[in-house]
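Report on one structure; see the data block that follows.
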Amino acid sequence: MLSMKRALQFVPRRYMAVVTGSHPQVTQPLNYIGGQRVDPANSPNTFNLTSPATGEVLRTVGNAGGKDVDEAVSVAQDAFKTWSKMGGFERGAILKKAANIVRERTEEMARTEVLDTGKPIWEARYDIVSCADTIDYYGGLAAKIAGEYQQLPNGSFAYTIKEPLGVVGGIGAWNYPFQMASWKSSPALAAGNTMVFKPSPFTPLTAVMLAEIYTEAGLPHGCFNVVQGEGETGELLSNHTGVSKMTFTGSVPTGSKIMEACAKQIHHVTLELGGKSPCIIFEDSDLDSAVTGAMLANFLNQGQVCSNGTRVFVQESVMKPFLEKLVERTKAMKIGDPNDEDTTVGATISPEQAHKTLQYIDIGKTEGARVLYGGERVTPSPSLAGGHYIQPCILTGCQDNMRVVREEVFGSVMSVLSFSSDEEVITRANDSEFGLAGGIFTNNLQRAHRVASSLEAGSLYINNYNVYPAGVPFGGYKKSGIGRENGPEALDYYTQIKSVYVEMGSVEAPF
Ligand code: NAD
């Protein structure tokens, strides 16, 4: 598992001086088609790129329209003809080289990610370095993609070939922009597919940097393309007849639309959607670790994490000491400029997301929950007055049927719920339309595994939370999604199987 210490070791000294100020990434064309940055052909519809940290409008971006998406898909189809025929070892070598370039450029990329997202710089560095690991991982697996051989009667046999699907359309959300571009593209490319990727309009910058890095590493032109835009560009991509598969990360309603578009054309689809995961603290846990885990499960990235364990179930007997420790530690979090090294709470992505978060806190209060700590909008300094900064919020007195407990907030709002027995907490934890993740804090080995096997979720953490090693599959049960990213399993979602039967005798037939 990648540790934070290791993430920071990758920061070469010479990049430490790269800070905000002028942003070369902002002024350049942001689409990347056929191996170069290009502006959209004509874009009557535009959107503003805004710095969440300050509220400053950095530039206006044109939505990629039909002509741009057609061109991106067309060059990806052309590139597929050669890329899919290359050996896995050659493809893997290019990915591994790209991973190393990402590592070398960690600081520059992390600063750009901060500019786009408003997340604290140490989180951005961690994201970039762990993405380099993912690209490296699929670089290593590319040469291992292989079918199987089956012996059949009388010397006949069959074998299978794992073939790429074609052009994959990728669409990402704004909370982990570089992660989404690299988690989707690296297994897709390793398996021999090509890709057209659309980042979220809130965070367009680092996916284009990835495209340039792939080119620098030797990826043939047209294999990885980026189109920028809002929902309409996403619709053009997901309805495109030249795309063989869609891989999407975002909300349930948009995921549902993308699945509908894929259903019409019988296209493959992977969906990574929302969550409302449980984080269970048993009385026999190491309470300090459990508090750290609950904070990781709620307050990373201003709470804008799909896998967050926002329903924190605490066993009655340890509720009091747990809350005391939790409040003390949460109060010590520093809300500030995301580019400052000691900031632990940065800016919320947008005014709308900030409003939604504060509104859910109000809904919780109306429903009978009590704000034990936080939940107020603050201005860390006059220069950050245009950004939206919200204190991490701890709600107590929560009940399972409250909206704030059932619905995804996507902000730093932790709902604390009390429980008494294992059976009770398992039933209540599973009472959700989502099933993305879950945490179990206990020092009882059998309890840990019994509860893990009973929870309905794709990723469970025993005595930790929100870690994503490249080799471990990640994805949701129920409305949290379909398919898996990471691990060797992700490659299954970017390949199809051809079975070849070989007859070694003469053909027999009753006619
Ligand atoms: P969103 O669904 O609003 O947007 C996601 C992407 O879809 C954006 O790029 C957007 O432009 C695009 N889009 C919007 N309408 C579209 C349409 N009709 N057709 C095609 N594309 C369209 O989600 P968001 O607000 O960007 O992200 C937050 C959501 O993402 C949360 O629900 C969160 O849980 C989820 N998420 C899930 C994971 C995961 O791995 N499961 C990870 C991160 C975020």
Exercise. Using the per-residue mean of other Cβ atoms lying within 10 Å as a proxy for protection, in what order, highest first, do the peptides 397-405, 476-484 fall?
Worked result: 476-484, 397-405
Exercise. Over region 154-254, what per residue volume does the convex hull of the Cα atoms give, in whole Å³?
Worked result: 137 Å³
For this session: State the Cα centre-to-centre distance between region 395-460 and region 237-296 in whole Å.
Result: 17 Å
Problem set entry | Those chymotrypsin sites (Phe, Trp or Tyr not before Pro) in region 41-104 that DSSP places in a loop and that have at most 16 other beta carbons within 10 Å | none
Problem set entry | Beta bridge orientation in the chain: antiparallel %, DSSP, nearest 5 | 45 percent
Exercise. Averaged per residue, what accessible surface does region 406-511 expose to a 1.4 Å probe, in Å²?
Worked result: 48 Å²
Problem set entry | Kirkwood-Stokes translational diffusion coefficient of the chain, alpha-carbon pairs, 20 °C, 1.002 mPa s, µm²/s | 90 µm²/s
For this session: For region 297-419, calculate the relative contact order in percent as a whole number, restricting contacts to Cα pairs under 8 Å that are 6 or more residues apart.
Result: 34 percent
Exercise. Non-local amide H neighbours of T247 (under 5 Å, H modeled in plane, Pro and chain starts lacking H): which ones?
Worked result: G169, G170, I171, T270
Exercise. Tell me, what is the percent relative contact order of the chain, built from C-alpha pairs under 8 Å that lie six or more residues apart?
Worked result: 18 percent
Problem set entry | Of all DSSP beta bridges in region 345-480, antiparallel share, percent nearest 5 | 50 percent
For this session: State the Kirkwood hydrodynamic radius of region 267-323 in Å, one decimal place, computed from all pairs of distinct Cα atoms.
Result: 12.5 Å
Seminar exercise, completed: With a 1.4 angstrom probe the carbon and sulfur portion of accessible area for the chain, in percent, totals 53 percent
For this session: Return a whole-number percent for the relative contact order of region 58-152, with Cα pairs under 8 Å and 6 or more residues apart as the contact set.
Result: 36 percent
Problem set entry | Neighbour-limited loop hits for trypsin sites (Lys or Arg not before Pro), region 287-335 (at most 14 other Cβ within 10 Å; DSSP other than H, G, I, E, B) | K334
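The values are calculated or read from the model by the stated rules, or taken from the named source; none is laboratory data. Quantities reported herein were computed from a predicted structural model and do not represent experimental measurements. A quick note on method: Cβ atoms are made from the backbone with ideal geometry, for glycine too, and the neighbour counts reach across all protein chains shown. Side chains included, ligands, DNA and RNA excluded: accessible areas come from the protein's heavy atoms. Shrake-Rupley method; radii C 1.70, N 1.55, O 1.52, S 1.80 Å.
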